[in-house]
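**Q** Encoded as structure tokens, here's the structure I'll be asking about.
The values are calculated or read from the model by the stated rules, or taken from the named source; none is laboratory data. Keep in mind that this is a model prediction, so the values were computed, not measured. As a convention, Cβ positions derive from the backbone with ideal geometry for all residues, glycine included, and neighbour counts pool all protein chains shown.
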Amino acid sequence: MQGMQGMQETVGVRSGASLAKQKVATLVQREPTPAACGECQLKTTCPIASTSDIGPAISEKIYDPGSRVFSEDNTFHKIYVIKSGSLQLSIKSPMLTQTIIGFGFPGELAGWEFSDLGAYMYSATTLEKSRLCAIETKTLLSSMRRDTYFRRRLLRAAALQVMREKVGPLAMLRGPAESKVAAFILDVFSRNQKYPNTAPNFVLSMPRNAISCYLGISPESLSRCLSSLSRKKAITVFNRRVSVPDLELLRKMAST
């Protein structure tokens, strides 16, 4: 019995040591590391992908779900690109509650807008385990002055994102609830098609109450609209995974 007890204690010590090593490894993994731009699947579309001497200045970091990447009113010091995962973007309302103003997906910029006081204009929180690349603003501005190609690439990406952020929500703020939901699904679907050979489906990483809050409808109305779109064969929904079997029908329903 003493031998068995000793063996159990030894196993317990080893298991504890193993868990400790895993925790240390997790902590190490969460620290920023140099970005491997050359191996990234988004390298052809990434607005800050390595050009000339900027590569070593780009770092990447893994964030756990629910992590705050940056907060509204924090000093503006980095620009981010979402490599994988997704973000929820929010601002403080007059009642000091967080109002959802949008979501961020792979290949998109985050934190590049700033106020006259040099602070971020909104907060960004991860919706799932996410990997983000970042570059210090001083390095970014210096590279933009030196590298014409990089400057044009970044400005073009920013302009396209501004256009999407201005035009996209218009379809989601007008018309009946079903049209709003169809427009939202269409928007998320198109923004998740950046990786090569992407399947025609995606996961809604945001909770349904966040979607209903963003669209200005009730959670019950959102559920009814998803069921209706499913019955009409515009989409299929299984848990949080959404497929789009008929893209043209979804576009038609988003525009009604």
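**Q** Residues Tyr80, Tyr120: which one is within 14 Å of the chain's Cα centre (by Cα) and either surrounded by fewer than 18 Cβ atoms within 10 Å (Cβ to Cβ) or not aliphatic (A, V, I, L, M) (or both)?
**A** Going through Tyr80, Tyr120 in turn, just one is within 14 Å of the chain's Cα centre (by Cα) and either surrounded by fewer than 18 Cβ atoms within 10 Å (Cβ to Cβ) or not aliphatic (A, V, I, L, M) (or both): Tyr80.
**Q** Residues in region 94-105: is at least one within 17 Å of Ser59 (Cβ to Cβ), in contact (Cβ under 8 Å) with a residue 40 or more places away in the chain and outside any strand (DSSP E or B)? Before the answer, list the steps.
**A** Applying the first criterion (within 17 Å of Ser59 (Cβ to Cβ)) to region 94-105 yields none.
Scanning region 94-105 turns up no residue that is within 17 Å of Ser59 (Cβ to Cβ), in contact (Cβ under 8 Å) with a residue 40 or more places away in the chain and outside any strand (DSSP E or B).
**Q** In region 86-101, which residues are of a type in the set (Gly, Ala, Ser) and surrounded by 20 or more Cβ atoms within 10 Å (Cβ to Cβ)?
**A** The first filter runs over region 86-101 and keeps only residues of a type in the set (Gly, Ala, Ser), leaving 86, 90, 93.
Selection gives Ser86, Ser90.
**Q** What number of residues within region 111-142 satisfy the criterion of being farther than 13 Å from Ser59 by Cα and either outside any helix (DSSP H, G or I) or in contact with a Ser or Thr (Cβ under 9 Å, 6 or more places away or on another chain) (or both)?
**A** Applying the first criterion (farther than 13 Å from Ser59 by Cα) to region 111-142 yields 111-130, 138, 141-142.
Still in the list and also either outside any helix (DSSP H, G or I) or in contact with a Ser or Thr (Cβ under 9 Å, 6 or more places away or on another chain) (or both): 111-130.
Within region 111-142, residues that are farther than 13 Å from Ser59 by Cα and either outside any helix (DSSP H, G or I) or in contact with a Ser or Thr (Cβ under 9 Å, 6 or more places away or on another chain) (or both) number 20.
**Q** How do the pairs read when you match residues in region 63-82 that are free of Cβ contacts under 8 Å to residues at least 24 places away in the same chain with residues anywhere that are surrounded by fewer than 17 Cβ atoms within 10 Å (Cβ to Cβ), using Cβ under 9 Å and keeping only pairs 6 or more apart or on different chains?
**A** So the pair list comes out empty.
**Q** Report yes if Glu128 is surrounded by fewer than 20 Cβ atoms within 10 Å (Cβ to Cβ), charged (D, E, K, R), touching a strand residue (DSSP E or B) at 6+ places or on another chain (Cβ under 6 Å) and more than 20 Å from Leu155 (Cβ to Cβ), otherwise no. First the steps, then the outcome.
**A** On the way: surrounded by fewer than 20 Cβ atoms within 10 Å (Cβ to Cβ): yes; charged (D, E, K, R): yes; touching a strand residue (DSSP E or B) at 6+ places or on another chain (Cβ under 6 Å): no; more than 20 Å from Leu155 (Cβ to Cβ): yes.
Answer is no for this residue.
**Q** While we're looking at this one, here's another question. Suppose we keep only residues that are closer than 14 Å to Leu109 by Cβ and either in contact with a strand residue (DSSP E or B) (Cβ under 9 Å, 6 or more places away or on another chain) or part of a loop (DSSP other than H, G, I, E, B) (or both) within region 143-190. Which one would you say is modelled with the lowest pLDDT?
**A** It comes out as Glu165.
**Q** What is the number of the single condition among (1) more than 24 Å from Val188 (Cβ to Cβ); (2) modelled with pLDDT under 90; (3) among the polar types (S, T, N, Q) that Ser71 does not meet?
**A** (2)
**Q** Among (1) under 30 Å from Cys213 (Cβ atoms); (2) surrounded by 10 or more Cβ atoms within 10 Å (Cβ to Cβ); (3) at pLDDT 65 or above, which single condition is Arg30 missing?
**A** (3)
**Q** Shifting gears a bit: For region 248-255, state whether one or more residues are surrounded by 14 or more Cβ atoms within 10 Å (Cβ to Cβ), touching a strand residue (DSSP E or B) at 6+ places or on another chain (Cβ under 7 Å) and among the aliphatic types (A, V, I, L, M). I'd like the intermediate steps shown before the answer.
**A** Applying the first criterion (surrounded by 14 or more Cβ atoms within 10 Å (Cβ to Cβ)) to region 248-255 yields 249-251, 253-254.
With touching a strand residue (DSSP E or B) at 6+ places or on another chain (Cβ under 7 Å) added as a condition, the list becomes none.
Within region 248-255 (the criterion being surrounded by 14 or more Cβ atoms within 10 Å (Cβ to Cβ), touching a strand residue (DSSP E or B) at 6+ places or on another chain (Cβ under 7 Å) and among the aliphatic types (A, V, I, L, M)), the answer is no, since none of the residues qualifies.
**Q** Now for a different question. Out of all the residues in region 176-192, is one or more acidic (Asp, Glu), farther than 20 Å from Lys129 by Cα and over 18 Å from the mean Cα position of the chain (by Cα)? Outline the logic, then answer.
**A** From region 176-192, those acidic (Asp, Glu) are 178, 187; that's our starting set.
Add one more test, that the residue is farther than 20 Å from Lys129 by Cα, and what stays is 178, 187.
With the extra rule that they be over 18 Å from the mean Cα position of the chain (by Cα), the set shrinks to 178.
Among the residues of region 176-192, at least one is acidic (Asp, Glu), farther than 20 Å from Lys129 by Cα and over 18 Å from the mean Cα position of the chain (by Cα), which makes the answer yes.
**Q** Is region 229-238 home to any residue that is part of a loop (DSSP other than H, G, I, E, B), at pLDDT 90 or above and surrounded by 15 or more Cβ atoms within 10 Å (Cβ to Cβ)?
**A** To start, the set of residues in region 229-238 that are part of a loop (DSSP other than H, G, I, E, B) comprises 232-235.
Filter once more, keeping what is at pLDDT 90 or above: 232-235.
Next, from what is left, pick out any that are surrounded by 15 or more Cβ atoms within 10 Å (Cβ to Cβ): 234-235.
Checked against the condition, which is being part of a loop (DSSP other than H, G, I, E, B), at pLDDT 90 or above and surrounded by 15 or more Cβ atoms within 10 Å (Cβ to Cβ), region 229-238 yields at least one hit.
**Q** Please enumerate the residues belonging to region 206-224 that are among the polar types (S, T, N, Q) and either within 9 Å of Ala177 (Cα to Cα) or out of contact with any Pro (no Cβ under 9 Å at 6 or more places or on another chain) (or both).
**A** Ser218, Ser221, Ser223 - these are the residues of region 206-224 that are among the polar types (S, T, N, Q) and either within 9 Å of Ala177 (Cα to Cα) or out of contact with any Pro (no Cβ under 9 Å at 6 or more places or on another chain) (or both).
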